[in-house]
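Here is the structure we will look at.
Nothing in this text is a laboratory measurement; each read-out follows from the coordinates by a stated rule. Keep in mind that this is a model prediction, so the values were computed, not measured. Positions of Cβ are generated from backbone atoms using ideal geometry, with glycine treated the same way; all protein chains shown enter the neighbour counts.
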Amino acid sequence: MSDTLLSVRGFSVMYDVDPPVRAVRDVSIELRRGEILGLAGESGCGKTTLAYGIQRLLRPPAVITGGDITFHDASGVDIDIDRLDAEQMLRFRWDKISMVFQGAMNALNPVAPIGKQLEDVFVVHRPKLSRAERRAEVTELLEIVKVGAERARSFPHELSGGMRQRVMIAMALALRPQLMIMDEPTTALDVLVQREILRQISALRHQFGFTVVFITHDLPLLLEISDRIAIMREGEIVELGTSEQIWTDPQDDYTKTLLASFPRLTGEKGVVAR
Amino acid sequence: MTTLELKHVTKIYTVRGAGQIKALDDVSFTLESGRTIGLVGQSGSGKSTIAKILTHLETQTTGEVLYDGEVIPRGGKRLRRYRQQLRMVFQDPFASLNPYHTIRHHIERPLLLDSVVPRAEVETEVHRLLERVQLDSASVIDRRPHELSGGQRQRVAIARALASRPTFLVADEPVSMLDVSIRLGVLNLLADLQREEGLGVLYITHDLATARHFSDEIIVLNQGRVVEHGSADDVILNPRHPYTKSLRAASPDPERHFAQATSILGGSQ
């Protein structure tokens with residue numbers, strides 16, 4: 001089993017509008033097995049487009065204009081994502097790569113109990129499971145993310161924002177994927193809840209050994225939780241390094257600008273005008 | 001110096017099925033013109049309830065709110081005059097501006113409603129206010145909100161708040177919806193305006209780092225109670241109350257993180 005989980009080479013996405021927008025430009029990156037890779041950059045830099053593009057989740061007017069993506073499965077088989085047909089892609093998604101979407105508040109179905117929504121994952125991807133087996137999986141998932149199995153019959157509006165986000169994580173974890181892409185998973189939460197969720201993500205990663213791509217524009221947060229950080233700007237990765245390198249020795253001017261735009265919690269005032 | 005004072009303010013909401021919820025419990029503090037107080041606490045701690053009571057959108061259950069020593073009028077012209085002196089900047093500049101109206105309309109309205117300047121001078125005043133928030137007035141004045149970026153929209157919202165020449169500004173998470181690279185510019189603008197116009201600012205946020213740098217004092221609110229109140233640096237750098245300590249420990253802080261050289265998440269590789 002190689003150390004690399006996913007290889008992206010020369011990946012480009014264009015939004016075919018007038019004038020066309022090159023949202024992702026010739027991005028190459030290798031994801032290592034078990035790492036947390038932070039993907040940072042401001043709105044519109046292409047970070048979400050890149051994450052969606054990897055799973056072929058983009059819709060028109062987005063067009064993938066180039067690049068190869070290879071998934072190095074734990075079984076030793078290399079999967080060329082471009083070659084998968086619709087049926088294979090459907091099975092590949094969520095099984096190998098799952099996603100925690102931005103805004104758990106809106107990602108859950110408001111009129112279905114959360115247990116039912118978790119069960120749906122197994123109905124689609126594990127059709128051979130009996131109803132009792134599906135229920136057992138849901139119970140286990142809700143316990144793993146510490147929502148508690150007794151909440152299976154709750155509707156999303158009956159849960160706090162933090163609990164809803166945990167349900168989303170349970171859903172992403174359901175098929176024990178090798179890669180979990182998290183798009184601003186804690187942005188809407190307050191700092192205490194955010195910290196609890198981050199601890200949980202870290203613990204789950206150690207327990208299940210999946211790789212995480214963590215997308216956010218909160219650079220201080222990324223610096224703490226990531227093994228490596230990629231800084232994106234206007235569709236390109238302008239810098240990639242370990243968190244410590246990015247923090248102590250940023251090379252790119254844009255990375256320096258981003259680092260300077262955060263008032264420090266305990267450090268000098270620096271950039272602040274007061 | 002003008003003061004805005006909360007004295008033993010308690011707010012109880014009656015929620016059907018859940019009984020009574022104490023949103024604020026015996027809150028007292030004084031905001032002076034020319035100073036900034038940062039109001040921090042997690043979701044549901046009562047921060048926004050304080051903003052609603054100050055703007056008289058809600059009435060406290062017990063306690064008093066005093067503007068320069070006088071009770072806030074309950075209605076009529078006197079309440080309107082009070083509100084002229086205290087304006088709000090909201091979190092979401094996408095929702096707080098009316099998509100149907102031009103930027104000119106947004107700034108003109110408070111000028112005309114409160115007769116801040118003679119009618120003939122309104123247009124000049126609109127330009128002055130837009131320039132005050134560092135917008136190119138000629139290019140934005142005839143646009144509509146959707147044609148502006150988030151940061152520009154928030155600047156328009158600030159210009160609108162300044163139109164009635166208030167003494168106090170309540171800014172409820174004014175930058176949390178903005179892009180990181182834009183945030184600092186808007187906060188620095190607020191700080192400049194605060195200094196130059198001698199505004200008293202209540203800066204409501206859950207971001208401890210910006211609260212520290214942009215406030216003179218910080219008040220920490222937990223479940224409707226003030227648990228800590230002191231100078232900004234004191235509260236953040238030497239927190240005394242366990243709740244403040246937990247907020248601080250939970251806030252991302254690369255400096256502390258790399259100084260410790262181990263992951264506070266407990267899992268180093």
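Listed highest first by mean packing, meaning other Cβ atoms within 10 Å per residue, what order do B:96-107, A:159-170 come in?
Per-residue mean Cβ counts within 10 Å order the peptides as A:159-170, B:96-107.
Set the Förster radius R0 to 45 Å, insert the Cβ-Cβ distance between A:R91 and B:S176 as r into 1/(1 + (r/R0)^6), and round the FRET efficiency to 0.05.
Details: r = 39 Å, r/R0 = 0.87.
Computed FRET efficiency for A:R91 and B:S176 comes out at 0.70.
Using label points projected 7 Å from each Cα along Cα→Cβ, tell me how many nm separate A:D120 and B:Q134, to one decimal.
For the pair A:D120/B:Q134, the computed spacing is 4.5 nm.
For an R0 of 30 angstrom, estimate the FRET efficiency from the Cβ-Cβ distance between B:E196 and B:R240 and round to the nearest 0.05.
FRET efficiency, B:E196 to B:R240: 0.35.
Using Cα pairs closer than 8 Å and at least 6 residues apart in sequence, work out the relative contact order for chain A, in percent.
So the answer I get is 24 percent.
As an exercise, use a Förster radius of 45 Å and the Cβ-Cβ distance of B:R109 and A:D68 to find the FRET efficiency, rounded to the nearest 0.05.
0.20
Angle between the Cα long axis of helix B:180-197 and the longest principal axis of chain B, 0 to 90 degrees, nearest 10?
Between the helix axis and the principal axis of chain B, the angle is about 70 degrees.
Pairs of Cα atoms under 8 Å, at least six residues apart: use those to get the relative contact order of the stretch A:106-203, whole percent.
28
With θ taken as phi - 60° and the coefficients 6.51, -1.76 and 1.60, list the Karplus ³J(HN,Hα) couplings across the stretch B:152-159 in order, rounded to whole Hz; mark glycine and proline as x.
Karplus values, whole Hz, x for Gly and Pro: 5, 4, 5, 5, 4, 4, 6, 4.
When the chain is fully extended, how far beyond the present Cα-Cα distance does A:R32 get from A:Q207, taking 0.36 nm per residue of separation?
61.3 nm
Can you run phi through the Karplus equation (6.51, -1.76, 1.60; θ = phi - 60°) for the stretch B:67-80 and list ³J(HN,Hα) in whole Hz, with x for Gly and Pro?
With coefficients 6.51, -1.76 and 1.60, one gets 9, 6, x, 10, 5, 5, x, 7, x, x, 4, 5, 5, 5 Hz.
Near the amide H of A:T211, under 5 Å away, which other amide H atoms are found, from residues 5 or more places off or on another chain, if H is placed in the peptide plane?
Sorted by chain and number, the residues that satisfy this are A:G34, A:L179, A:M180.
Of A:V24, A:V111, A:V145, which has the largest mean-square fluctuation in a 10 Å C-alpha GNM of chain A?
Judging by the Gaussian network model, the answer is A:V111.
Looking at the stretch A:4-260, send over the antiparallel percent of its DSSP beta bridges, to the nearest 5.
The antiparallel proportion sits near 60 percent.
For the stretch B:88-93, in order, what is each residue's ³J(HN,Hα) by Karplus, 6.51 cos²θ - 1.76 cosθ + 1.60 with θ = phi - 60°, in whole Hz (x at glycine and Pro)?
10, 10, 8, 5, 9, x
In the protein assembly as shown, what % of DSSP beta bridges are antiparallel (nearest 5)? Show your work: numbers first, answer last.
Details: 48 of 84 bridges.
Bridges in the protein assembly as shown that DSSP calls antiparallel: roughly 55 percent.
With an 8 Å cut-off on Cα pairs and a minimum separation of 6 or more residues, tell me the relative contact order of chain B in percent.
Once normalised by length, the contact order is 25 percent.
Could you name the lysines in cross-link range of B:K11, using Cα to Cα under 28 Å and dropping any fewer than eight places away on the same chain?
Correct list for B:K11: B:K22, B:K47, B:K52, B:K77, B:K245.
For chain B, modelled as a GNM with alpha-carbon contacts under 10 angstrom, which of B:L148, B:L57, B:L178 fluctuates the most?
Looking only at B:L148, B:L57, B:L178, the biggest GNM fluctuation is shown by B:L57.
Rounded if a/c is under 1.5, else prolate if a/b beats b/c, else oblate: with a ≥ b ≥ c from the C-alpha gyration tensor eigenvalues square-rooted, which is the protein assembly as shown?
Cα axes put the protein assembly as shown in the prolate bin.
How much of the DSSP bridge set in the stretch A:156-270 is antiparallel, in percent, rounded to the nearest 5?
That works out to approximately 55 percent antiparallel.
Which of the three applies to chain B, rounded, prolate or oblate, going by the alpha-carbon gyration tensor with a ≥ b ≥ c and a/c under 1.5 meaning rounded?
oblate
Using label points projected 7 Å from each Cα along Cα→Cβ, tell me how many nm separate B:S149 and B:K22, to one decimal.
Using points 7 Å along Cα→Cβ, the separation is 4.6 nm.
Quick query: amide H of A:E239 versus all other amide H atoms, modeled in the peptide plane; which residues come in under 5 Å with a sequence gap of 5 or more or a different chain?
Placed amide hydrogens put A:I231 under 5 Å from A:E239.
Give me the distance in nm between label points sitting 7 Å out from Cα along the Cα-to-Cβ direction at B:F258 and B:T55, one decimal.
4.0
Could you tell me which of rounded, prolate or oblate describes chain A, using a ≥ b ≥ c as the square roots of the eigenvalues of the alpha-carbon gyration tensor, with rounded for a/c under 1.5 and, failing that, prolate when a/b is larger than b/c and oblate otherwise?
Note, shape of chain A comes out oblate.
Check A:V63: other-chain or 5+ apart residues with amide H under 5 Å from its amide H, H built from backbone geometry?
It is A:M14, A:Y15, A:D16, by chain and number.
Roughly speaking, what is the centre-to-centre gap between the stretch B:63-141 and the stretch A:169-232 when only Cα atoms are used, to the nearest Å?
So the two Cα centres are separated by 42 Å.
Just counting partner chain Cβ atoms within 10 Å, what average do the residues of peptide A:217-227 show around their Cβ? Numbers along the way, then the final one.
Working: counts 4, 3, 3, 8, 4, 2, 6, 9, 6, 0, 3.
Mean number of neighbouring Cβ atoms from other chains: 4.
Can you give the calculated 222 nm mean residue ellipticity of the protein assembly as shown, where each DSSP H run of n ≥ 4 adds -39,500 (n - 2.57) and the sum is split over every residue, rounded to the nearest 500 deg cm²/dmol?
Value at 222 nm, helices only, nearest 500: -11000 deg cm²/dmol.
For chain A, with a Gaussian network of springs between Cα atoms less than 10 Å apart, report the residue from A:A174, A:A40, A:A132 with the top mean-square fluctuation.
A:A132
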